[in-house]
Amino acid sequence: MEYEECLRKLKWPALETRRLFRSLAECYDSFDDLNKPNFDNLFEFTKCLSIHANYPYKLYVKPAKCNPYTYSFFIRIVQDWNSLPGSIVEAGSLSRFKSALMLFLNIH
């Protein structure tokens, strides 16, 4: 049986979509838990609210010389995180974030 056919029968999203969901949920959870990696070394929130940064939680990656985690999960997820609508990022709780993200990624 083909991979896509198995996914349809099981009503599962593709592995790439599931990974993206988990990565974004972990990123959101990390912002709430200050015991996780020191974000000052990784990235910072944007300081402007331009058309491209329409909510204050867009991430800016610090230059590699200042960033010991250049190839880490947190750096890889920045582009996906910044592409999320503000309504999802500002969900208020992890469970609301996950629910909104599932709708956004079309995960049933």
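Quick note: the coordinates plus some simple rules give every number you see, no bench work behind them. Keep in mind it's a predicted model, so treat the numbers as computed, not measured. When we count neighbours, we look across all protein chains shown, and the Cβ atoms used for this are built from the backbone with ideal geometry, even at glycine.
Annotations for the structure displayed:
- Taking 7 Å steps out from each Cα toward its Cβ at F104 and R76 produces label points 1.9 nm apart.
- Computing FRET efficiency as 1/(1 + (r/R0)^6) for K11 and S87, where r is the C-beta to C-beta distance and R0 is 30 Å, gives about 0.70.
- Take each peptide in 9-21, 92-104, count the other Cβ atoms within 10 Å of every residue, and average; sorted highest first, the result is 92-104, 9-21.
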